[in-house]
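Q: Just passing along the structure, written as structure tokens.
The values are calculated or read from the model by the stated rules, or taken from the named source; none is laboratory data. This one's a predicted model, so the numbers in the text were calculated from it and none came from an experiment. As a convention, Cβ positions derive from the backbone with ideal geometry for all residues, glycine included, and neighbour counts pool all protein chains shown.
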């Protein structure tokens, strides 16, 4: 499936690019006469109208005939280009503009259309044509998209420069006078030409950019730009444009020829790059279809063979892991809970190894983790057992000493008759009782049972009094109970401690 997907994309891309290149080459050849002759008809019409329709119509009629011959072929090529389906709105807009050509000519012949209006009408057709060129670039390979944009922009720069030249030629033919409408068209063309020229230099690669930089650095262009600046500076006035006819014809002609030459070089280079890209994609398609299929067959064989081996080894490793998690480790924990001794090596046998290095490393790592887990559990159990034994020994010793101390205090209380000394002995007796309660709590925390206990049931009142005796602020506590109930002997000690804790919380 992966091979079919990759091969289909590669082959489809190669076929699509080849089809696009073929279509573009055919369309360019077909539409080129219209692109060349339509600006020529615009120039002839504009100059004829500027002369008051008194000059010879031979040039105008010739250009019209050439345009009429070019339109059917261009229309047929654009209508049959299924590759440019998404450019259909731009194509329809171009057809709508070309449909107005008969009305434009009739208005020119009758004198109903002014020279600037006729100039703008022809320019609108050219704008629609370049809009189609721009919209068709979306089918270009992404690696050539920016270069293609730069190439179209360079052609548009040449078109705008021809517009400027036509407007100035018309003004020179009319004794240097340029109407406000023509001045506005000139300013618009000059501004757009400058902006598009910047785009050309941005989008093109250094090699393709070199001819345009050569044009921009040429003396003819500098002279052309200087005269253009003077014309733009004079547009606010009403006098003749400040340029010399001979100088303008020389610089503008040289500049237009140089721009056309640079444009042709760029187009030729782009065609070569496109052909090279198509050849590379065809090669990739062949490799994807032939060598790719062979690689897929070998890969499938290796995948099946290696996959079975990996599955067997991983299944054995999984059985060992589950045995450790579900049987051995719970058994070790239970033995430790009972206090039994555990052999770490016997309870953590190494899992089955594998000839596959990665799985063998995983098995070794798991064996190390298994030994560490069992060893840590054993060590923790031993440490807890040792700590509990320490707590128990210390607590039992403290309890024994406190029992002896309480016996001595009880003997001293019976022998003392002095009230003040007796009160001190009572407080010391009470303090010792509290210390005994804490010692017995430590014995319980160590997991053992305090040695002090009762065999027979004890009245509830006596249990409550014993609890009060184990509280620091015992003088604030009164025991008021007439209960005749008894507390079982084995529960007396725990109940005394529990109630003492609650009372101490209350007094605090």
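Q: Among the residues of region 170-206, what is the count of those that are farther than 21 Å from residue 127 by Cβ and free of Cβ contacts under 8 Å to residues at least 12 places away in the same chain?
A: Result for region 170-206: 2.
Q: Is it true that residue 462 is assigned to a loop (DSSP other than H, G, I, E, B) and at pLDDT 90 or above?
A: No, not satisfied.
Q: Would you please name the residue that is farthest from the chain's Cα centre (by Cα), looking only at residues in region 173-193 that are over 16 Å from residue 116 (Cβ atoms) and at pLDDT below 90?
A: 175
This table checks each residue for (1) touching a helix residue (DSSP H, G or I) at 6+ places or on another chain (Cβ under 6 Å); (2) at pLDDT 70 or above; (3) in a loop (DSSP other than H, G, I, E, B).
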{"position": "273", "(1), (2), (3)": "no, yes, no"}
{"position": "281", "(1), (2), (3)": "yes, no, no"}
{"position": "288", "(1), (2), (3)": "yes, no, no"}
{"position": "292", "(1), (2), (3)": "yes, yes, no"}
{"position": "296", "(1), (2), (3)": "yes, yes, no"}
{"position": "301", "(1), (2), (3)": "no, yes, no"}
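Q: Also: Of everything in region 356-371, what is in contact (Cβ under 8 Å) with a residue 12 or more places away in the chain and closer than 16 Å to residue 312 by Cβ? Give them in sequence order.
A: Correct list: 356, 359, 362, 363.
Q: Here's a follow-up. Just to be sure before I move on: is residue 335 at pLDDT below 75 and outside the structural domain of residue 361 (by TED's automatic domain parsing) in the structure I sent?
A: no
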